[in-house]
Amino acid sequence: MARRQISLKVLENGARTFEVRHRWEDRPVAPPPAGAPTEYLPFRQREKGIGGAHGRPDWLRAKAPAGEGYRDIKETMRGLGLHTVCEEAMCPNIGECWNNRTATFMILGNVCTRSCGFCAVLTGKPAELDRDEPYRVADAAKKMDLKHAVITSVNRDELKDGGASIFAETIREIKVQVPGCAVEVLTPDFKGDREALQTLIAAKPDTFNHNIETVPRLYPAVRPQAKYVRSLEVLRYVKEINPEGLTKSGFMVGLGETEEELHQIMRDLREHEVDILTIGQYLRPSENHLPMSRYYAPKEFADLRKYGFSLGFKHVESGPLVRSSYHAHEQTDDARKSVVGSGAAGAI
């Protein structure tokens with residue numbers, strides 16, 4: 001059993017909560033099928049001029065966030081008391097995306113009820129539900145003149161519907177206030193609750209995203225409160241009740257998985273009719289998070305992308321800095337063109 005660190009946290013609004021963070025390095029990770037134990041890189045903040053095995057390679061460099069678009073979006077978010085997963089999850093693409101006037105709103109607060117080993121979002125006791133949040137999100141989308149809004153959330157397992165009704169209200173309000181704006185949702189698994197999924201899909205999101213995150217063998221460390229098969233069934237059920245909508249999922253590499261394990265989850269996702277796939281490099285947020293096994297080279301990401309298209313995905317976004325919402329608008333456009341039958345989406 002992994003040890004736990006519990007510490008008091010004070011949120012921006014003055015509310016008090018507690019963070020639960022497991023010392024994941026104390027929990028043994030099952031070895032790969034071949035039986036050879038995985039060697040992990042020690043945690044080390046990137047230092048200027050250092051590359052190689054323990055420093056980030058050149059292809060993982062991201063520009064420091066700056067620019068007018070970045071400042072405007074940050075001011076809009078703070079002024080309306082909103083959160084973005086871009087900030088909470090320390091996304092390396094925040095500068096690029098915000099300057100392109102795209103951002104991923106994080107609803108249901110910024111405290112998660114689950115303790116995934118890879119995630120930088122605060123884990124603990126959530127604050128009271130904010131019923132006004134959907135309207136502030138729509139207001140922000142209108143002020144930012146968004147053409148493609150992405151909505152995600154923390155897990156709220158203490159709520160009967162996991163927060164699905166708030167997702168639905170947010171989708172509807174954006175469509176009212178910003179006509180023509182596509183809405184993509186990146187959701188928790190809602191514990192597989194079909195009524196919750198029906199509530200969300202009834203609001204007609206354009207794209208439904210739920211990330212598989214990693215291979216089944218690593219779930220006890222990476223997603224201890226989730227189930228691999230349950231996540232696949234969530235994706236299948238959404239496609240079943242909304243066949244015209246796009247489904248999307250993604251996973252990280254660099255956690256000790258093997259190539260065949262990655263190929264298998266890609267096959268599993270296609271068998272569950274997932275349209276869009278994202279693949280990115282895991283980057284360890286802190287020494288209390290899961291260790292990283294290695295950095296994947298750009299060619300390896302290109303090979304995974306090629307394999308994904310060979311399986312029939314309508315779009316595959318694969319690269320070191322790719323995250324779920326990276327180039328989300330382009331992903332959706334490409335996938336819909338593929339549905340029409342252009343056949344160009346699989347070109348490499």
Lone unmet requirement of (1) in a helix (DSSP H, G or I); (2) in contact with a strand residue (DSSP E or B) (Cβ under 8 Å, 6 or more places away or on another chain) for V150: (1)
The one condition in (1) within 18 Å of K248 (Cα to Cα); (2) surrounded by fewer than 23 Cβ atoms within 10 Å (Cβ to Cβ); (3) in contact with a Gly (Cβ under 6 Å, 6 or more places away or on another chain); (4) in contact (Cβ under 8 Å) with a residue 60 or more places away in the chain that Q281 fails to fulfil: (2)
Only one of R156, R114, R78, R101 that is surrounded by fewer than 20 Cβ atoms within 10 Å (Cβ to Cβ), charged (D, E, K, R) and at pLDDT 80 or above: R114
Options V222, V215; residue that is of a type in the set (A, V, I, L, M, F, W, C), more than 19 Å from N155 (Cβ to Cβ) and in contact (Cβ under 8 Å) with a residue 40 or more places away in the chain: V215
Qualifying residue in segment 330-341 (condition: surrounded by fewer than 23 Cβ atoms within 10 Å (Cβ to Cβ), in contact with a Ser or Thr (Cβ under 7 Å, 6 or more places away or on another chain) and modelled with pLDDT under 80): yes
Answer from D139, D145 - the residue that is modelled with pLDDT under 95, under 28 Å from E317 (Cα atoms) and acidic (D, E): D145
Filter result for S325 (out of contact with any helix residue (DSSP H, G or I) (no Cβ under 6 Å at 6 or more places or on another chain), of a type in the set (S, T, Y) and assigned to a loop (DSSP other than H, G, I, E, B)): yes
Test: L232 is surrounded by 15 or more Cβ atoms within 10 Å (Cβ to Cβ), of a type in the set (A, V, I, L, M, F, W, C) and either touching a Ser or Thr at 6+ places or on another chain (Cβ under 9 Å) or assigned to a helix (DSSP H, G or I) (or both): yes
Breaking point among (1) touching a residue at least 40 places away in the same chain (Cβ under 8 Å); (2) touching a Lys or Arg at 6+ places or on another chain (Cβ under 8 Å); (3) closer than 23 Å to I241 by Cα; (4) of a type in the set (A, V, I, L, M), for V183: (1)
Long-range neighbours under 7 Å by Cβ, at least six apart or interchain, first residue closer than 16 Å to K175 by Cβ within segment 125-141, second surrounded by 22 or more Cβ atoms within 10 Å (Cβ to Cβ) and among the aromatic types (F, W, Y): V137/F105
All positions within segment 165-183 that are at pLDDT 95 or above and within 24 Å of L277 (Cβ to Cβ): F167, I171
Count of segment 187-212 residues which are crowded, with 24+ Cβ neighbours inside 10 Å and assigned to a strand (DSSP E or B): 2
Residue in segment 98-111 that is closer than 22 Å to F251 by Cβ, without any contact (Cβ under 8 Å) to a residue 60 or more places away in the chain and touching a Leu at 6+ places or on another chain (Cβ under 9 Å) present: yes
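The values are calculated or read from the model by the stated rules, or taken from the named source; none is laboratory data. All values reported here derive from a predicted model rather than from experimental measurement. Backbone-built Cβ (ideal geometry, glycine too); neighbour counts: all protein chains shown.
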